[in-house]
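For reference, the structure discussed in these notes is given below.
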Amino acid sequence: MRFKAILGILLLLLIVQTANAVELSVKTIPEKPTIGKFVVDVEVSTQTPIHNANLIISGFLSKSVSLGDFTGKTSVEFEAYADKPGIYELEVRLSYVEFVNDTPRNGYVRGTYAIVVVDKPQFEILSIEGSVKPGETGNVTIKVVNRGGNTKDVRLSFSGFLAKDTDRFFKSWRSNEVKSLKFVIYANKSLEVGEHEAKLDIECKDEFGNIYSFELPLSVSVIGKPKLAISEFTTIPAKIRPDTNFTLRIG
């Protein structure tokens, strides 16, 4: 009796060990898809051979594909499209035939996945007004628009010149909203007249909490007092005496 019990346990273990473990996984390309086209990649992995495998996708995508017979891993890519941000549900179902102790058995596995599509914020500088003189302070106003989706917890920093209160914070920044950023900046005495580089660094989150960083280059005008310089000239006569008239020819 004891031998039969042990044999029964061994047979049970054999059946459990040979039972197949089929797994599904889903990812998107890119990892964080935005509005428009993106790719859904479905991977199937199996420890033992499966046969007549068929993959059916439903939800915001409706696809069906035959995977045939295979062992190990295989994957299928599907092109997807989203016209607005949101959470899209995707149901994946795989049916197949496997052999357990040489006996065919129908099996299936399925899973439901959430695909998060975001509308990524995108910032653009519209205009820069103001200037500064060497050794002085000046006012600069920078107009920035968000060309992308709504964003929140926006942290902005101005750099390139010494400035009072270089940081800004906005709780939210809506799509297509324009904000005017005013800075009081200082230019070193050694700066030459002309355009000088500066930048705005922006860090923010979308409505799903994804974090984005942007660097917007810009230029600030450094101006000076106008000066007249004559590089080439002649006089007639060539030698000028005091209290006499003469002609100055430039160029």
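Show which lysines lie in cross-link reach of K182 when reach means a straight Cα distance below 26 angstrom and same-chain residues fewer than eight apart are skipped.
K120, K133, K143, K152, K164, K171, K199, K205, K225
Kindly write out, for the range 103-116 in residue order, the coupling ³J(HN,Hα) from the Karplus curve 6.51 cos²θ - 1.76 cosθ + 1.60 (θ = phi - 60°), rounded to whole Hz, with x marking Gly and Pro.
Values per residue, Gly and Pro as x: 10, x, 9, 6, x, 7, 9, 8, x, 10, 10, 9, 9, 9 Hz.
Quick one: Karplus J couplings for the range 123-139, per residue in order, coefficients 6.51, -1.76, 1.60, θ = phi - 60°, nearest Hz, x for Gly and Pro?
Each residue's phi maps through the Karplus curve to give 9, 9, 7, 8, 7, 10, 10, x, 7, 8, 9, x, x, 10, 9, x, 9 Hz.
Going by how many other beta carbons lie within 10 Å of each one, how would you line up H51, H196, fewest first?
Ordered by Cβ neighbours within 10 Å, fewest first: H51, H196.
Would you list which lysines come within 25 Å of K63, measuring only between C-alpha atoms, while excluding same-chain residues fewer than 8 positions from it?
K27, K32, K37, K73, K84
Once amide H atoms are built 1.01 Å from N in the peptide plane, which residues 5 or more positions from S131, or in another chain, come under 5 Å H to H?
N139
Give me, ordered by chain and number, the residues 5 or more places off L67 or on other chains with an amide H under 5 Å from its own placed amide H.
Amide H neighbours of L67: A53, N54, L55.
What is the distance, in nm, between label points placed 7 Å from the Cα along the Cα-to-Cβ direction at S131 and at R249?
Here the answer is 3.6 nm between the modelled labels.
Lys and Arg at +1, Asp and Glu at -1: add these up for the other residues within a Cβ distance under 12 Å of S45 and post the number.
-1
In whole Hz and in residue order, list the ³J(HN,Hα) couplings for the range 41-53 that follow from phi through the Karplus curve 6.51 cos²θ - 1.76 cosθ + 1.60, θ = phi - 60°; x for Gly and Pro.
10, 10, 10, 10, 10, 9, 7, 10, x, 10, 10, 6, 6
Given the -39500 (n - 2.57) contribution per DSSP H run of 4+ residues, what per-residue ellipticity at 222 nm results for the chain, rounded to the nearest 500 deg cm²/dmol?
Calculated from helices alone, the mean residue ellipticity at 222 nm is -2500 deg cm²/dmol.
Sticking with the crude label model, points 7 Å out along Cα→Cβ, report the distance from E79 to I56 in nm, one decimal please.
Each label point is offset 7 Å from its Cα along the Cβ direction, giving 2.6 nm.
Could you state the angle between the C-alpha long axis of helix 2-18 and the longest principal axis of the C-alpha atoms of the chain, as a value from 0 to 90 degrees rounded to the nearest 10?
Helix 2-18 sits at roughly 40 degrees to that axis.
Readers should treat all values here as calculations from the given coordinates under stated rules, not as data from a laboratory. Predicted model, so just to flag it, every value in this text is computed and none were measured. We place every Cβ from the backbone using ideal geometry, glycine too, and count neighbours over all the protein chains shown.
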